[in-house]
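**Student:** Okay, here's the structure, questions in a sec.
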Amino acid sequence: MAGISVPPCDLPSADTETAKEGKYEYLDHTADVQIHSWGDTLSEAFEQAAVAMFGYMTEIDKVSPSFKETVTAEGDDILSLLYHFLDEWLFLFSAEPFFIPRYIKITDFDTENFKITSEGFGEVFDLSKHPQGTEVKAITYSNMQVFSESETHDVYVIIDI
């Protein structure tokens, strides 16, 4: 895509906490996909849910962390915060320049006022580089669950494909 300028950023290295991958799985669900993500913290479980969503859309390991985009989201409770967080990232992918992150890092996670600021490190989606997976149409509230009282923090969300 010619003519797109990208802002410079400090890119994550492979040994940073930002580079954690694979703390998610896809569960069978009639006509949709359920993502189960987890982490040592609730913010890591949220980050992994977003990465899992993009991993369903393409082979995430083919995405280079070339530049950074920032997303903020707000909700009325923890479930609506998760919904809006994922929906804002999905919107960023759906709008020009079709940004797809490889890593997402939450930089501010306010669970009292239900606000998130996050950064994604990735590049412009390019079919010649990124194999097309399944299109994600929307995030749903159906069977959405957030568990943060145990040693691991778990998130379950169904995405409409």
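**Student:** Quick one: 3J(HN,Hα) in Hz for region 82-99, Karplus 6.51/-1.76/1.60 with θ = phi - 60°, rounded, Gly and Pro as x.
**Tutor:** 4, 4, 5, 4, 5, 5, 5, 5, 5, 4, 4, 5, 7, 10, 3, x, 6, 6
**Student:** Quickly work out the LEU27-to-THR134 label distance, labels modelled 7 Å from Cα along the C-beta direction, and quote it in nm with one decimal.
**Tutor:** With each label point 7 Å from Cα toward Cβ, the separation is 1.5 nm.
**Student:** Another question about this same structure. From the residues HIS84, SER64, PHE46, which one has its Cα farthest along the dipole of region 32-160 in the positive direction, the dipole being from +1 and -1 charges on Cβ of Lys/Arg and Asp/Glu about the Cα centre?
**Tutor:** Farthest along the dipole direction, towards plus: SER64.
**Student:** Mind listing the long-range amide H neighbours of ILE106? Cut-off is under 5 Å, sequence gap 5 or more, other chains count too, H placed in the peptide plane at 1.01 Å from N.
**Tutor:** The answer is GLU119.
**Student:** Rg to Rh for region 32-160: what is it, with Cα atoms only and Rh by Kirkwood? All intermediate terms of the calculation are to be shown ahead of the outcome.
**Tutor:** On the way: Rg = 13.7 Å, Rh = 14.5 Å.
Dividing the radius of gyration by the Kirkwood radius yields 0.95.
**Student:** Figure the gain on full extension for LEU127 and ILE78 (residue separation times 0.36 nm, minus the Cα-Cα span) and round it to one decimal in nm.
**Tutor:** That works out to 14.2 nm of additional length.
**Student:** Given the protein chains as shown and a 1.4 Å probe, how many square angstrom of THR58 are accessible, to the nearest 10?
**Tutor:** For THR58, the solvent-accessible surface is approximately 10 Å².
**Student:** Then there's this: Label-point separation (nm) for SER64 and ASP87, each offset 7 Å from Cα along Cα-to-Cβ?
**Tutor:** 3.4
**Student:** Further question: Residue separation times 0.36 nm, minus the C-alpha to C-alpha distance between PHE147 and ALA95: what's the value? Working shown, then result.
**Tutor:** Working: separation 52, 0.36 × 52 = 18.72 nm, distance 3.14 nm.
Gain on extension, PHE147 to ALA95, equals 15.6 nm.
**Student:** Might you work out the accessible area of PHE125 for me, using a 1.4 Å probe with all protein chains in place, and round it to the nearest 10 Å²?
**Tutor:** 40
**Student:** Hey, another quick one. Compute, for LYS115, the solvent-accessible surface of its heavy atoms (probe 1.4 Å) with the complete set of protein chains present, and express it in square angstrom to the nearest 10.
**Tutor:** LYS115 has an accessible surface of roughly 90 Å² with all protein chains in place.
**Student:** Sticking with this one: In what sequence, largest accessible area first, do GLU123, GLU25, GLU149, GLU135 appear using a 1.4 Å probe?
**Tutor:** Result of the area sort, largest leading: GLU149, GLU135, GLU25, GLU123.
**Student:** If SER94, SER148, SER128, SER37 are ordered by their accessible area, calculated over protein heavy atoms with a 1.4 Å probe, which sequence runs from highest to lowest?
**Tutor:** I get SER128, SER94, SER148, SER37, largest accessible area first.
The values are calculated or read from the model by the stated rules, or taken from the named source; none is laboratory data. Treat the numbers as computed from the prediction; the structure is a model and nothing was measured. Virtual Cβ from ideal backbone geometry, glycine too; neighbours counted across all protein chains shown. Calculation scope for accessible area: heavy atoms of the full protein, side chains included, ligands and nucleic acids excluded. Shrake-Rupley method; radii C 1.70, N 1.55, O 1.52, S 1.80 Å.
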